[in-house]
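Notes for the one structure printed next.
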Protein chains: 2
Amino acid sequence: MTPKDTDRRSEILDAAAELFAHKGVASTTVREIGESVGIYAGAIYHYFPSKDAIVRELITGYLETLNAEYAAKAPRRLAPRARLRAVVEVSLRTADEKPHATQVYQDQLRNVRDLPEYRRAKALADEVQRIWLETIEDGKAAGVFRADISSKVFHRFLRDAIWLSIKWRHSGDPYTTEELVQDCIAIFLDGFAVRRARRTRPPAPPR
Amino acid sequence: MTPKDTDRRSEILDAAAELFAHKGVASTTVREIGESVGIYAGAIYHYFPSKDAIVRELITGYLETLNAEYAAKAPRRLAPRARLRAVVEVSLRTADEKPHATQVYQDQLRNVRDLPEYRRAKALADEVQRIWLETIEDGKAAGVFRADISSKVFHRFLRDAIWLSIKWRHSGDPYTTEELVQDCIAIFLDGFAVRRARRTRPPAPPR
DNA sequence: GTCTATAGCCCGATAGAC
DNA sequence: GTCTATCGGGCTATAGAC
């Protein structure tokens, strides 16, 4: 495959991602994808065997990046609070860098997770969940997270809040990802209620 | 309109809601809606002028119910913490009672909020948001909620966590709505971290 | 009020020229 | 590698019989 092919391929992938994220996969036509990169619909099929193959590649690529980033930036040796912060930060930064793929993943996974073509995507998604739950369980075992709330419930609340943040951010906000990470950790770990008795621990160091 | 008409109409509405929620609006055909109530596609158009009119009625009905319940169960005279709890509880119970309409609303609102046919739905959605923000701002003014976190950010996190809970619940869980409300309030107000210094206030009274 | 039948349109995907 | 042209099919919505 020549470099030109690679360029064109990823051009198509990017254009499709943007359309899918904006209008939904079902409502986006192959013709529209072609138009937005300046070729005819038929030519798309020179690079991808089907429309669904584009969706699949977007989702798989997103999940691969996410898992690689978790492994690099949120290793198990970190203290639970620091590791959870790292997991949150990686998730938000990845959503920042690949907002369209993130959106497509969230919109589509439920519809496709049981299809045999998506076996690999499902395995990658399961690994993401495993890392989240391990982080939470380790924190409970260390006594820094509350044992009276189910790990799965906490995981889902936090994950959903993070996922959906891509729908209300990027509107030209001055609100940075770093601020979002801080607010996220502040709310989910320390709560929105004003504390009667101040905690003795200093705030988490900036990174 | 005879009672039989009314029955048939809401039968169609319910069947459509279930299909829309499960497969997405775009991927659900009018034929399928007809099949699931035992009539032909053409007959649907005797009750609704278009497929979109069904979607619109579902969304508007959901938002009307939600606003009415807020007014009844979460009046402004409640203390901020109690009112926030009531808003959360009403939101979760309404999602429980109309899971399909809730899902359709969440899936569709972004796509349709600027369409003139959805002016009324948008106004109702704006009122929902106004109540949430008022509750949060009142709590800040009373000194029971943290002033260092943006009300909008907190609102979005909490709202998204609640909304998405319909996607992972109702799987025959023994986990009740009441437990979910409690966990939700516990996490979002008091945080998931173990507290070094115990709060002097007793736990919120059950209702 | 519900049926059958179909108009009219757009879709994903393919074939073959260049 | 991209074009033009088109196939086969599914869609929403309509028309007219009963």
Next item on the list: Specify the residue with the greatest mean-square fluctuation among A:Lys167, A:Lys122, A:Lys98, computed from a Gaussian network of chain A linking alpha-carbon atoms under 10 Å apart.
Entry: A:Lys167
Next item on the list: Mind pulling the angle between the C-alpha long axis of helix A:99-112 and the longest principal axis of chain A? Nearest 10 degrees, somewhere in 0 to 90.
Entry: 90
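I want the local charge near A:Glu117. Using Cβ-Cβ distances under 9 Å, sum +1 for each Lys or Arg and -1 for each Asp or Glu among the other residues. Show your work: numbers first, answer last.
On the way: positive: A:Arg56, A:Arg119, A:Arg120; negative: A:Asp52.
Here the count lands on +2.
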Next item on the list: For A:Phe145, list long-range residues whose amide hydrogen, built 1.01 Å from N in the peptide plane, is under 5 Å from its own amide hydrogen.
Entry: A:Lys140, B:Val194
Item checked: Positive dipole terminus of chain B, leading residue within B:Ser165, B:Pro116, B:Leu84 (C-beta point charges) -> B:Leu84
Check: For B:Leu115, which inter-copy label distances result when the label point lies 7 Å beyond Cα on the Cα-to-Cβ vector, reported in nm to one decimal and in ascending order?
Finding: 2.5
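Using the crude model of +1 on Lys and Arg Cβ and -1 on Asp and Glu Cβ, and no other charge, please compute the dipole size for segment A:1-112 relative to its Cα centre, in debye to 20.
Dipole size: approximately 640 debye.
Determine the sum of side-chain charges near B:Asp126: Lys and Arg each +1, Asp and Glu each -1, restricted to other residues whose C-beta is under 12 angstrom from that of B:Asp126. All intermediate terms of the calculation are to be shown ahead of the outcome.
On the way: positive: B:Arg113, B:Arg119, B:Arg120, B:Lys122, B:Arg130; negative: B:Glu127.
So the surrounding residues net to +4.
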Note to self: I need the shape label for the protein assembly as shown. Rule: rounded when a/c is under 1.5, else prolate if a/b > b/c, else oblate, with a, b, c from the alpha carbon gyration tensor.
What the structure shows: oblate
Note to self: How far, in nm to one decimal, is A:Lys73 from itself in the other copies if the label point is set 7 angstrom along Cα toward Cβ? Shortest first, please.
What the structure shows: 3.9
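Work out the P(r) tail for segment B:1-90: percent of alpha carbon pairs separated by more than 16 Å, whole number.
Values: 2420 of 4005 pairs.
Of the Cα pairs, 60 percent sit more than 16 Å apart.
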Item checked: For A:Asp173, label point 7 Å along C-beta direction: distances to other copies, nm -> 2.6
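Add -39500 (n - 2.57) for each DSSP H run of 4 or more in chain B, then divide by its residues: what number comes out at 222 nm, to the nearest 500 deg cm²/dmol?
Details: 9 runs with 141 residues, N = 207.
Computed ellipticity for chain B at 222 nm equals -22500 deg cm²/dmol.
Taking the Cα centre as origin and putting +1 on Lys and Arg beta-carbons and -1 on Asp and Glu beta-carbons, what dipole magnitude results for chain A, to the nearest 20 debye?
Values: 34 positive and 29 negative charges, 223 e Å.
Value, rounded to 20: 1080 debye.
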Item checked: Folded to 0 to 90 degrees: helix A:51-73 orientation relative to chain A principal axis, Cα -> 30
Next item on the list: Compare the Cα positions of A:Ile149, A:Ile185, A:Gly24 along the charge dipole of chain A (+1 at Cβ of Lys, Arg; -1 at Cβ of Asp, Glu; about the Cα centre) and return the one farthest towards the positive end.
Entry: A:Ile149
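So how much slack lies between A:His22 and A:Glu35, counting 0.36 nm per residue of separation and subtracting their Cα-Cα distance, in nm? Mind dumping the intermediate values first?
Details: separation 13, 0.36 × 13 = 4.68 nm, distance 1.57 nm.
Extra length from A:His22 to A:Glu35 when fully extended: 3.1 nm.
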Check: What is the sum of charges around B:Phe157, taking Lys and Arg as +1, Asp and Glu as -1, for the other residues whose C-beta is under 14 Å from the C-beta of B:Phe157?
Finding: +3
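Enter the mean number of other protein chain beta carbons within 10 Å of the beta carbon of each residue in A:137-150, as an integer. Provide the component values of the computation, followed by the final result.
Values: counts 0, 0, 3, 2, 0, 1, 1, 3, 4, 8, 1, 4, 7, 3.
Mean partner shielding for this stretch: 3.
Once you've got the Cα coordinates, tell me which of A:Lys23/A:Lys167; A:Lys167/B:Lys152; A:Lys51/B:Lys167; A:Lys152/B:Lys140; A:Lys152/B:Lys98 are over 22 Å apart.
Too far apart for the 22 Å limit: A:Lys51/B:Lys167; A:Lys152/B:Lys140; A:Lys152/B:Lys98.
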Check: Expressed as an acute angle from 0 to 90° and rounded to the nearest 10, what is the orientation of the C-alpha long axis of helix B:151-168 relative to the principal long axis of chain B?
Finding: 50
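Computed from the coordinates by the stated procedures, all read-outs in this text should not be read as laboratory data. The structure displayed is predicted, hence computed values, not measured ones. Methodologically, a virtual Cβ is constructed for each residue, glycine included, from the backbone with ideal geometry; neighbour enumeration extends over all protein chains shown.
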